[in-house]
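Asks: Take a look at this one; I'll ask things after.
The values are calculated or read from the model by the stated rules, or taken from the named source; none is laboratory data. Model, not experiment: these values are computed from the prediction. Here the Cβ positions follow ideal geometry from the backbone for every residue, glycine too, while neighbour counts run over all protein chains shown. Accessible surface areas use protein heavy atoms only, side chains included; no ligands, DNA or RNA. Shrake-Rupley method; radii C 1.70, N 1.55, O 1.52, S 1.80 Å.
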Amino acid sequence: MKTLILNGSPRKNGDTAALVSQLAAQLKGEVRVIDCCSDNISPCSDCRACRTLPCCPVNDGMQEIYTALSECENVVIASPVHYAELSAGLLKAAGRFQVYSSALIFRHEALPTAAKRGAIILAQGGSGGAERAFETAKLIFMSIGIKDVLPPVISPNTDRLAAADDPQAAEAVGRLAAALSE
Ligand SMILES: Cc1cc2nc3c(=O)[nH]c(=O)nc-3n(C[C@H](O)[C@H](O)[C@H](O)COP(=O)(O)O)c2cc1C
């Protein structure tokens, strides 16, 4: 089993990273964690080249994600909640999944992804809820061909309890690792 974890937190050692580390340590098989906030990932410019080309012509860190998506059965979206949404970094990378929408809509080709199962990890510690971020993550999963989305893991009060010290989140991560390793 191969798992791709997309981390949308700008904080290298933050709450999301803590939950991602816990998950990666428990997952069976190959695990690849990619930092979506990397400067080496550009946003989609809607150049529309992928309406005819079978890939995105922008040669940057996204190419690693495209390759991973062609190999990984599990995909995990991990993000802090920012203004009740997924982080800007996560949305920046997901915008480049436009190449998959173009495959279906304009090129009439099957999706070149192996992804079958999706999971969502969210860290939040403010007033905007996580529901919208969860809904957006499900839309992103649909764009890469994933319909099977597991229940989200949320560390909900990181302003008072860091995700790394949140026992309920740790339990939920354990359940998620077991489900993704099946
Ligand atoms: C710009 C910004 C917006 C935020 N918006 C929300 C929000 O809408 N709801 C919420 O619960 N927390 C919000 N937070 C708090 C973060 O979700 C919280 O601190 C989270 O644990 C950070 O995770 P990280 O350390 O992985 O980046 C926001 C934080 C920032 C920096």
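Asks: Ranking request for peptides 8-20, 136-148: highest mean number of other beta-carbon atoms within 10 Å first, then the rest in descending order.
Replies: 8-20, 136-148
Asks: Hey, any idea what % of the stretch 2-180's accessible area is carbon plus sulfur with a 1.4 Å probe?
Replies: That fraction is 54 percent.
Asks: Quick one: length gained pulling ALA24 to ASP46 fully straight, 0.36 nm per residue minus the C-alpha distance?
Replies: 4.6 nm
Asks: Solvent-accessible area per residue for the stretch 2-180 at a 1.4 Å probe radius, Å²?
Replies: With all protein chains present, the stretch 2-180 gives 48 Å² per residue.
Asks: Okay, next question. Per residue, how big is the convex hull around the C-alpha atoms of the stretch 1-98? Give it to me in cubic angstrom, could you?
Replies: 98 Å³
Asks: Report the net charge of residues surrounding CYS50, where surrounding means a beta-carbon distance below 14 angstrom and charges are Lys +1, Arg +1, Asp -1, Glu -1.
Replies: Its environment carries a net charge of +2.
Asks: Semi-axes, largest first, in whole Å: what does sqrt of 5 times each Cα gyration tensor eigenvalue give for the stretch 89-170?
Replies: Whole-Å semi-axes of the equivalent ellipsoid: 31, 13, 9.
Asks: For the stretch 2-180, would you read off the P(r) tail past 21 Å as a percentage of all alpha carbon pairs?
Replies: For the stretch 2-180, the fraction of Cα-Cα distances above 21 Å is 45 percent.
Asks: Largest first, what is the accessible-area ranking of GLU182, GLU135 with a 1.4 Å probe?
Replies: Result, largest first: GLU182, GLU135.
Asks: Still on this structure, please answer the following. Residue-wise, which Karplus ³J(HN,Hα) couplings in Hz belong to the stretch 11-25, taking 6.51 cos²θ - 1.76 cosθ + 1.60, θ = phi - 60°, and x for glycine or proline?
Replies: Going residue by residue, I get 9, 4, 10, x, 5, 4, 4, 5, 5, 4, 5, 4, 5, 4, 5 Hz, with x marking Gly and Pro.
Asks: What net charge is computed for the residues neighbouring LYS12, neighbours being all others with C-beta under 15 Å from the C-beta of LYS12, Lys and Arg scored +1, Asp and Glu -1?
Replies: -2
Asks: Which is farthest toward the positive dipole end of the stretch 2-180 among SER127, THR52, ALA179, measuring Cα position about the Cα centre, with Cβ charges +1 (Lys, Arg) and -1 (Asp, Glu)?
Replies: THR52
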